[in-house]
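**Student:** Got a structure for you, questions after.
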Amino acid sequence: QDAATQDTPALGLHIAITAGPTREPLDPVRYLSNHSSGKMGFALAAAAAELGARVSLISGPVSLPTPDGVERIDVETALQMHEASRRLAGDCDIFIGCAAVADYRAEAPAEHKIKKVESEDALTLRLVKNPDIIADIANERDAAGGRPFVVGFAAETRDLEAYARDKLTRKRLDMIVANDVSSAGLGFGADDNAALLLWRDGEGEGGESLPPQPKTQLARAVIERALGCLSVRPV
Ligand code: CTP
Ligand code: CA
């Protein structure tokens, strides 16, 4: 390896990353969403670009600037994120699902603004499950027998390792970044985060614990670990 590839170990690789929340319309003026800031996903995109990768960042609605050298694809709903992700996944070497995808969407968003009913004290909304984007990408990868290396995230408030291992296996991921979001100042919306990295059976037995640190630094560590797992590198 020459000096250039030591500084840019991701040169020649295409990395796709989902980030931020999704927004699921209820009617033309209202939606269901969550508090994801997009900071971790954007930090991953910046780190991947700095390490030399071509980066596609599929982002839900966030108020963050696009990192230098990153191609950004803006989406709103989980269905739009699913479509954009599937379109890109076949062409990428690493796919990272960092978005906080809404698990459910309104079965039938109202065409007009939902009016308050004076005579009723309750309103029932019927929700249907959104597709699991990262699981679909890992399944399609397995069916095709090739790329990409798939990295997921798990934000949990209890039983971190057990829930993360379950997601790793169930979604057929190669690696998962597990965050304990019950500790103050870490995770959702914060600038810092800590993580437990886990790999699919046989690799990195027991995982690796990354202490609390700025998301920018944690992002670089995550990208470097993923790069280290790619056995075949393009010339
Ligand atoms: N994810 C996804 N599509 C979804 C839901 C989740 O791609 N519809 C991805 C996330 O981007 C993340 C991983 O799956 O990489 C785990 O997300 P999480 O919400 O923790 O998993 P769920 O299976 O939805 O489980 P939970 O019931 O804990 O929300
Ligand atoms: Ca979820």
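**Student:** Which residues, counting only those in segment 161-190, are away from ligand 2 (no atom under 15 Å from the Cβ) and either of a type outside the set (D, E, K, R) or open to solvent by less than 70 Å² (accessible area, probe 1.4 Å) (or both)?
**Tutor:** The answer is Ala162, Thr169, Asp174, Met175, Asp180, Ser182, Ser183, Ala184, Gly185, Leu186, Gly189, Ala190.
**Student:** List, please: which pairs have Cβ atoms under 7 Å, are six or more places apart or on different chains, and start with a residue in segment 157-179 that is without any contact (Cβ under 8 Å) to a residue 60 or more places away in the chain and farther than 16 Å from Val222 by Cβ and end with one that is in a loop (DSSP other than H, G, I, E, B) and charged (D, E, K, R)?
**Tutor:** Filtered contacts from segment 157-179: Lys171/Asp132.
**Student:** A follow-up question, please. Anything in segment 56-88 that is within 16 Å of ligand 1 (Cβ to nearest atom), farther than 18 Å from Lys215 by Cα and open to solvent by 10 Å² or more (accessible area, probe 1.4 Å)? List them, or say none.
**Tutor:** Scanning segment 56-88 gives Pro61, Ile73, Val75, Glu76, Thr77, Leu79, Gln80, His82, Glu83, Arg86, Arg87, Leu88.
**Student:** Quick check on Arg126: is it of a type outside the set (Gly, Ala, Ser) and either modelled with pLDDT under 95 or in contact with a helix residue (DSSP H, G or I) (Cβ under 7 Å, 6 or more places away or on another chain) (or both)?
**Tutor:** No.
**Student:** Right, next: List the helices (runs of 4 or more DSSP H) inside segment 57-176, counting only whole elements, that have at least 3 residues being within 13 Å of the chain's Cα centre (by Cα).
**Tutor:** Of the helices (runs of 4 or more DSSP H) lying wholly inside segment 57-176, those with at least 3 residues that are within 13 Å of the chain's Cα centre (by Cα) span 78-89, 133-144.
**Student:** How many of the residues in segment 118-140 are open to solvent by 60 Å² or more (accessible area, probe 1.4 Å) and either more than 16 Å from ligand 2 (Cβ to nearest atom) or charged (D, E, K, R) (or both)?
**Tutor:** 12
**Student:** Then there is this: Search segment 96-110 for residues being open to solvent by 80 Å² or more (accessible area, probe 1.4 Å) and near ligand 2 (Cβ under 10 Å from one of its atoms), and hand back the single one that is farthest from Asp27 (Cα to Cα).
**Tutor:** If we take residues in segment 96-110 being open to solvent by 80 Å² or more (accessible area, probe 1.4 Å) and near ligand 2 (Cβ under 10 Å from one of its atoms), then Asp103 is farthest from Asp27 (Cα to Cα).
The values are calculated or read from the model by the stated rules, or taken from the named source; none is laboratory data. These numbers were taken from a predicted model, which means no experiment stands behind them. With ideal geometry, Cβ positions are generated from the backbone for all residues, glycine too; neighbour counts draw on all protein chains shown. Surface areas here come from the heavy atoms of the whole protein model, side chains and all, with no ligands, DNA or RNA. Shrake-Rupley method; radii C 1.70, N 1.55, O 1.52, S 1.80 Å.
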